[in-house]
Amino acid sequence: MQRNYCSLALLFFLSSFFFSQQTKAQVTSSVDTTLIRIGEEIKYTIQVEADTTSLVLFPEGQSFAPLETIESYKVDTTKLDAKYLLIKKYGITQFDSGTYKLPAQRVMIDDRLFTTDSALVEVRDVPVDTTKQKMFDIKPAIEVNRPPFDFLLLLYWIGPILLLGLIAYLLFRRKKRREERERQLPPYEEAMAALEELDTLELLKENRSKAYYSSLTEIVKRYLDREVDSRALESTSDELIERLLLLKDSGHFDFDSETIRKLDAIFKRADLVKFAKMKEESGQARADRSSIEEIINETQEAIPEPTEEELLQNEAYLEEMRKKQKRKKIIRIAAIALLVAGTTLGVNIATQGWDAVRDSLFGNEMKKLAESKWYRSEYGIPAVIVETPEVLERKEFVIPEEAKGLLLSVDQFEYNNIQDNLFSISVITYRYDREKAPEQENQLETALESVLSSLENDGAINMVVKREEFATENGINGLKAYGDFNMKNEKGKVFKEKVAYEMLFFEQDHGLQYVGITYNKEDFHALSIKDRIINSVELEVNPFQQKKKEEE
């Protein structure tokens, strides 16, 4: 649920500042000092007047956060007529400088809950007198030996690089071989192309008969391996001729006997040339080349036409291969895209930072607000002049019946961010009748105390409060309070996110003006928005007050 913590708190102040009813106090509290140095002890005393039969429970544990409880003293009991006067003391401190709110403590008397008053405690640094502290000269530079070269560290760098290089080489070689297989021609066309290439080599003119016959027999064996016998390449010449005869006799292949005989003769001459170093005449070699071409042509004609079932299977296989190639192409493109995107992201993170990259990728409502058109407007009477990224929306505030005649006007304006419910802006002004309203001393301090108490009642815990004087550019003085707190819901769950706040209070001639902002201090854009708003605050000066100042 969207909450505007500061506006809720100030409305609580408006309703309680003038019209709170005094009740008979049974519980009182006091502190021995509100100004300490870091680490000094504050004595906090709770005094309870109760019946002798009443059960009184004092707070225990670290209930004074953000201050620390260092000791809980025993209860001192004194009898007063028919009642007991119970005095409980605590020793508390803080080890960081600043102004802290000592939270109200809860005391149970039987089944009734009583709350003590809160207080502001200032913790100052311990002063250091550098004129009495002995100073020492800067020590001279000392030369050190250059450390030996770390070969192990070099191996840690080179090893992974070499491994990645080896993997890349193997993948590249595998891809190249696969592409070569995919580009392979049909068996017959491959054999004809190989024969034409053999003719261009002119091995016979160079008297390289062995190389010529080796290439010639490999061409025919490769053709037979792909079309007739899948073991042709790994077989000897005799083994291949024997299997061709078996295929002919079994009727699996319609070979011509003369074709097998011519092939056998060529294999035998080739073996003599390759292994017996026999010199073959170029004319015979060219004749054998022509015979190999005829054998391939005859074998191609003898190959039976594929059946319809085989054609369908082959078509299905080709379709599957096309789909597979398409998937591989998509995966390859996706991998390249991811690599490029990852590299680009890494470079941007290294140069701009993660926050800027995250805002660009996922968007940031605070960034949009910071970079949008800003509006400078006047709100309430007397007017608060402030610059905001969005025009604040007026909220209705009904003046209670008992306050009518005393409160002349209450103007409330707000902006709540929907995406980030930590960010809100509030501007509230009110005026009251100078003659009917009682005079109040330290009204701004009282207003701040009421706001802080209201925040605690609304679930704020671990509250850090710092305050200082504030002045606008036109010299109007006020009170500034800032810090952060955690929120606790009705079920007692504490949210981890810190709610940061900054409040400005101004008092002008029986009127109060308030500007409050809550934001996420971890968000750079929210912080810059807050600073810009605070620095832009100006007030419309009450003419009666201005005249009074001029007279003074």
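Numbers below:
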| quantity | calculated |
| --- | --- |
| Residues whose placed amide H lies under 5 Å from that of Tyr432, excluding near-sequence neighbours | Leu408 |
| Nearest-0.05 FRET efficiency for Ala82 and Ser409, computed from C-beta distance (R0 35 Å) | 0.10 |
| Charge sum, other residues only, whose C-beta stays under 13 Å from Glu239's C-beta, Lys/Arg counted +1 and Asp/Glu -1 | -4 |
| Amide H within-cut-off set for Phe423, under 5 Å, with H built and near neighbours excluded | Asn417 |
| Check: region 22-124 dipole with +1 on Lys, Arg Cβ and -1 on Asp, Glu Cβ, in debye | 120 debye |
| Gained length - Lys139 relative to Ala337, 0.36 nm times residue gap less alpha-carbon distance | 65.7 nm |
| Gain upon complete extension [Glu538, Glu60; 0.36 nm per residue less C-alpha separation] | 167.6 nm |
| Segments 529-541, 31-43 sorted - mean Cβ within 10 Å per residue, highest first | 529-541, 31-43 |
| Efficiency of FRET between Lys373 and Leu527 - r from beta-carbon atoms, R0 25 angstrom, step 0.05 | 0.80 |
| Ordering of 100-108, 453-461 by packing [mean C-beta count within 10 Å, highest first] | 100-108, 453-461 |
| Listed peptides 93-99, 467-473, 141-147 by packing density, highest first (mean Cβ within 10 Å) | 93-99, 467-473, 141-147 |
| Net lengthening on full extension, Glu469/Glu396 (0.36 nm per residue, minus Cα-Cα) | 23.2 nm |
| Links that overshoot a 20 Å alpha carbon limit, given the list Lys74/Lys493; Lys368/Lys466; Lys210/Lys268; Lys176/Lys329 | Lys74/Lys493; Lys368/Lys466 |
| Local electrostatic count, Arg124, Cβ distance below 10 Å [Lys/Arg +1, Asp/Glu -1] | -2 |
| Note, ³J(HN,Hα) from phi for region 85-93, Karplus 6.51, -1.76, 1.60, rounded to Hz, x at Gly and Pro | 10, 9, 10, 10, 10, 10, x, 10, 7 |
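Read the figures in this text as sums done on the coordinates, not as results from a lab. Since this is a predicted model, take the numbers as computed values, not measurements. Note: ideal-geometry Cβ built from the backbone for every residue, glycine included; neighbour counts use all protein chains shown.
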